[in-house]
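What follows draws every value from the coordinates through simple rules; no lab data is involved. Quantities reported herein were computed from a predicted structural model and do not represent experimental measurements. Quick reminder, even Gly has a Cβ in these numbers, built from the backbone with ideal geometry, and neighbours come from all protein chains shown.
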Amino acid sequence: MQSANRAVAPSLGSTRPGKQAAASPFLDIDPETFRTHFNRKPFLFRHHLCDHPLFRLSNLAELARTLPPSIVEYNAGKIPVSLPDQENTPHTGLSAEETVRRIEECSSWMVLKRAEADPGCLEVLNQCLDEIEPLSEPLEPGMCEREAAIFVTSPGSITPYHMDKEINFLLQIRGSKTISVFSASDREVLSEVELEKHFTGAAIHRNMVFHDRYQGRATVFELKAGYGIHIPTTDPHWIKNGDGVSISFSNGFKTRASLRRGMIYTLNGKIRKLGFDPAPYGKGPLRDAMKLQVLRALNRAQRWLNVQPVEG
């Protein structure tokens with residue numbers, strides 16, 4: 001598979017307007033790059049979290065042991081790029097804690113989802129996003145639903161082709177990986193129907209079908225320890241781990257605009273199931289506003305019906 005574009009690290013600065021500066025900022029993001037790329041195009045930046053104790057393997061093994069099993073996901077790492085049927089993902093038979101402790105040789109992939117359940121992780125997440133928020137608010141106000149995830153993967157592991165609802169700032173803590181990112185607006189690789197299914201389906205079903213011809217439309221990033229990448233909401237991507245163990249920290253969130261977009265795709269999915277062909281999101285502000293009102297009315301009606309006593 002051939003890639004179309006290979007990104008290089010931008011010139012880097014540091015800013016945190018509107019907040020009292022931390023003694024030691026975690027992120028170095030160029031404000032102009034942020035302004036021109038945020039939630040539209042992926043870009044690289046620097047961070048200073050590689051030596052943070054939270055990300056030591058011994059601490060991550062303990063975190064994997066103590067977090068609720070429902071937010072710890074792990075499987076074999078040698079899997080195909082195209083793996084749309086999540087239930088067919090192979091597993092290793094190891095426990096979550098064993099997977100982390102043996103990550104160098106067990107050929108596994110693990111994510112600690114909603115890792116902000118741990119107070120130490122929540123503190124790191126909040127500082128990172130507190131540094132991002134003054135840059136994002138003028139562009140897309142209403143940062144909300146902050147989420148953290150920690151990825152621990154064996155050498156050569158694959159993260160299949162997928163997309164996420166969150167706006168993401170992914171920090172590479174240890175090791176390296178190659179990330180192929182595709183534009184959410186590229187209808188050659190991502191259809192309106194796939195977007196509708198993504199927003200109306202369960203979050204666990206995030207993987208999608210990948211065709212080799214897509215790769216020529218990717219922007220490919222070499223992500224090394226000390227660097228981060230911004231991935232806009234629903235930009236499809238897949239990841240190939242480097243020759244060593246990889247640890248990455250995901251800082252995800254939504255905005256009022258990204259929530260509205262998701263609501264419209266949810267309604268479009270419902271309309272399509274009725275046999276109609278809905279207008280895509282963004283084709284008309286008035287039409288989108290009307291759809292939001294319809295969806296809110298449907299939600300209110302559903303809540304009302306759910307709380308009414310049964311007559312008899």
Once both label points are put 7 Å beyond Cα along the C-beta direction, the ASN88-SER176 separation in nm becomes 3.3
List, largest first, the extents of the alpha carbons of the stretch 164-248 along their principal axes, each in whole Å.
-> 37, 27, 18
Taking the alpha-carbon set of the stretch 115-155, what are its Rg and Dmax in Å?
-> 12.5, 40
If you compute Cα Rg over 2.2 N^0.38 Å for the structure shown, which of [x] 1.09; [y] 1.15; [z] 1.03 do you land on?
-> [z]
Taking only Cα atoms, what is the 0 to 90° angle, nearest 10, from helix 256-273's long axis to the longest principal axis of the chain?
-> 60
Entries of LYS78/LYS113; LYS240/LYS273; LYS113/LYS197; LYS165/LYS291 with Cα pairs more than 29 Å apart | LYS240/LYS273
Taking a straight Cα-to-Cα line shorter than 17 Å from LYS254, and setting aside same-chain aspartates and glutamates fewer than 8 residues away, one finds GLU116, ASP130, GLU131, GLU133, GLU137, GLU140, GLU145, GLU147, ASP164, GLU166, ASP235
Note: the stretch 172-312 at 25 °C, 0.890 mPa s; Kirkwood Rh on alpha carbon pairs; Stokes-Einstein D in µm²/s works out to 138
May I ask for log10 I(q)/I(0) of the stretch 30-137 at q = 0.10, 0.12, 0.16 Å⁻¹, from a Debye sum over the Cα atoms as equal point scatterers with solvent left out?
-> -0.41, -0.59, -0.93
Could you state the principal axis extents of the C-alpha atoms in the stretch 139-214, from the largest down, to the nearest angstrom?
-> 37, 36, 26
Measure nothing but the geometry: give the 0 to 90° angle between the long axis through the Cα atoms of 119-136 and the longest principal axis through the Cα atoms of the chain, rounded to 10°.
-> 60
Contact order normalised by residue count of the chain, Cα under 8 Å, 6+ apart, percent = 24
In nm, give the distance between the simple-model label positions of ALA279 and LEU122, each being 7 Å from the Cα along the Cα-to-Cβ direction.
-> 4.3
Kirkwood Rh in Å, taken over the stretch 110-240 so that all alpha-carbon pairs contribute = 16.0
Nearest 10 degrees, 0 to 90: helix 57-66 Cα axis against the chain principal axis = 40
Tell me the Kirkwood hydrodynamic radius of the stretch 82-184 in angstroms, computed as one over the mean inverse distance between distinct C-alpha pairs.
-> 16.0
Helical mean residue ellipticity (222 nm; -39500 (n - 2.57) per DSSP H run of 4+; nearest 500) of the chain | -9000 deg cm²/dmol
So between ALA257 and SER191, what do we pick up on full extension, going 0.36 nm a residue minus the alpha carbon distance?
-> 21.7 nm
